[in-house]
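Notes to accompany the following structure.
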Amino acid sequence: MTPARSARRLLVSTLLATAAAQAGSEPAPDAKEEKKPKAKGWDFCEWIQDDPGVLYEDEDSWFLNKVEIGGRFHYQAAYLGGKDINGRHFHDTYDEYRRARIESKWELARFFTAEVNVNLVDDRRFRDSYPYELDWGYDTFDTLTLELDLDKALDLDWLDKLELTYGKMKLKVGEENHQSSREILTIERSAISDRIGGDASRPTGGVLAIGKDDFDLTLGVFSGEDDADVLGSWNDGLFYYASLAWEPEDEWRFVFDQVVNDQHHRDMALGFAWVSSLSGVYEEDDWGILVNGVYGDNGGDQEGNANPRRQGDFWGGVVMPWYWILEDKLQFVCAYQYQRAQEEEGIRLDSRYIRARHDDPLIDVENGRGDRSRTLYAGLNYYICDNNAKIMGGISRTNLDTRKGEVSAWSYLIAFRTYF
């Protein structure tokens, strides 16, 4: 054998051996390869629901324990068609930046919590009085409070909650007002709920909240001043507030609210002398219902109500069932509201949108005042990320009996709401 032939055989043998070795180290063609986990992308819902506004947290600090910011943005649009007191037809469209708010919460010295919420939009384009403007920037303080957790500070074992709060805050009368605007099931609260919340929806006051087992009791004293830019003074009368909530089971909730005006002052913050509200809520996994009854007195000259047509008693109620078509995603809501008054102008519709400014200047709806109103609402809520981001749509039919005739209207509404 020649040297050249021997070299060729050696090269071929080496190549064959290398190929065999490589083939032995590789898996069979049908063997399953180990899958590498895919990189997880950014999830908007997970982000917005995971307290993205927490800027600082230190439970052991002697002064600053937590700083959290938040925001709320609500936009809605509506189309209305109806008849005024003279039978004149109206057709109007509206769009509104309903809420734009920056919110902050500060936990201080382990026992104090300061809450500062600022409204950043004043949309008056639909209003029935000048100016018809849309203004962005600082508008008003929505909430400005300082809370002391007495239960934690005093280490009270016999109470579940004992909190003292002072400042500018929401007056929670009626079940719809106990719910945040982030969580209400209808695009707008009912007119009677809007009414009993007081003419000044954010009065200045002091509140003591006590909780034990299934009961929560809240007692408060508020200033009658209704036009304060920040905190109201205590020179314009007082009104008193009490609320008792009972939750005997997870499915049930009952609330009794009472507001009474100090009869010795011309209190303008409430717009009525007193009101009582009793509500009940039942909620199962896929359905629930809210029932709220209201009775009150509009008051007279003592309470700043000089018009006799707007005095006397008023009463009404709301029934609101809901059903989950798709669990936690698509919800059907229906609501019926009824208002009645002793006098000709003893009740009033809410400002959105029948008593708003109409394209036809001859339209007369008696400023939404009358002695009886009925509203039926049906809507769908689609939850993109729970209440943190949702789309709401609704249709309502409203009839109002006034001293000059009947007002009737269909309202078609759509809204987008988000917060963090």
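Conditions (1) under 30 Å from Gly379 (Cα atoms); (2) touching a residue at least 24 places away in the same chain (Cβ under 8 Å); (3) of a type in the set (Gly, Ala, Ser); (4) surrounded by fewer than 16 Cβ atoms within 10 Å (Cβ to Cβ), marked per residue:
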residue	(1), (2), (3), (4)
Ile192	yes, yes, no, no
Pro203	no, yes, no, no
Gly211	no, yes, yes, no
Leu217	no, yes, no, yes
Asp226	no, yes, no, no
Return yes or no: is Asp43 at pLDDT below 95, of a type in the set (Asp, Glu) and under 22 Å from Phe112 (Cα atoms)? no
Set Asp350, Asp359, Asp371, Asp313: member being under 26 Å from the mean Cα position of the chain (by Cα) and acidic (Asp, Glu): Asp350
Candidate set: the range 90-122, residues that are among the β-branched types (Val, Ile, Thr) and more than 30 Å from Asp151 (Cα to Cα); chosen: the one surrounded by the most Cβ atoms within 10 Å (Cβ to Cβ): Val121
Are there strands (runs of 3 or more DSSP E) fully within the range 80-173 with at least 3 residues that are touching a residue at least 60 places away in the same chain (Cβ under 8 Å)? List them. 89-108, 134-149
Quick check, is Asn381 on the phi > 0 side of the Ramachandran plot and either of a type outside the set (Lys, Arg) or part of a loop (DSSP other than H, G, I, E, B) (or both)? no
Residues being surrounded by fewer than 17 Cβ atoms within 10 Å (Cβ to Cβ) and in contact with a helix residue (DSSP H, G or I) (Cβ under 8 Å, 6 or more places away or on another chain): count how many of those fall in the range 162-190. 1
Which members of the range 63-87 meet the condition of being among the β-branched types (Val, Ile, Thr) and closer than 30 Å to Leu362 by Cβ? Ile85
Do the conditions hold for Asp328, that is, is it in contact (Cβ under 8 Å) with a residue 40 or more places away in the chain, closer than 24 Å to Asn177 by Cα, surrounded by fewer than 15 Cβ atoms within 10 Å (Cβ to Cβ) and not aliphatic (A, V, I, L, M)? yes
Which members of the range 38-79 meet the condition of being of a type in the set (Val, Ile, Thr) and either in contact with a Lys or Arg (Cβ under 9 Å, 6 or more places away or on another chain) or assigned to a strand (DSSP E or B) (or both)? Val54, Val67, Ile69
Of (1) under 22 Å from the mean Cα position of the chain (by Cα); (2) part of a loop (DSSP other than H, G, I, E, B), Asp229 satisfies all except one. Which? (1)
Over the range 378-399, the set of residues touching a Leu at 6+ places or on another chain (Cβ under 6 Å) and buried (at least 20 other Cβ atoms within 10 Å of the Cβ) is Gly394
Considering only the range 335-374, state which residues are more than 26 Å from Phe126 (Cα to Cα) and assigned to a strand (DSSP E or B). Arg340, Ala341
Verdict on Asp149 being touching a strand residue (DSSP E or B) at 6+ places or on another chain (Cβ under 6 Å), within 30 Å of Asp213 (Cα to Cα) and crowded, with 16+ Cβ neighbours inside 10 Å: yes
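Per-residue answers, yes or no, for (1) of a type in the set (Phe, Trp, Tyr); (2) in contact with a helix residue (DSSP H, G or I) (Cβ under 9 Å, 6 or more places away or on another chain); (3) closer than 26 Å to Arg182 by Cβ:
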{"position": "Asp58", "(1), (2), (3)": "no, no, no"}
{"position": "Leu64", "(1), (2), (3)": "no, no, no"}
{"position": "Ala78", "(1), (2), (3)": "no, no, yes"}
{"position": "Asp84", "(1), (2), (3)": "no, yes, no"}
{"position": "His91", "(1), (2), (3)": "no, no, no"}
{"position": "Asp95", "(1), (2), (3)": "no, no, yes"}
{"position": "Glu107", "(1), (2), (3)": "no, no, yes"}
{"position": "Thr113", "(1), (2), (3)": "no, no, yes"}
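The values are calculated or read from the model by the stated rules, or taken from the named source; none is laboratory data. What you see is a predicted model, and the numbers here were worked out from it, not measured in a lab. Here Cβ is always computed from backbone atoms with ideal geometry, including for glycine, and neighbour counts include all displayed protein chains.
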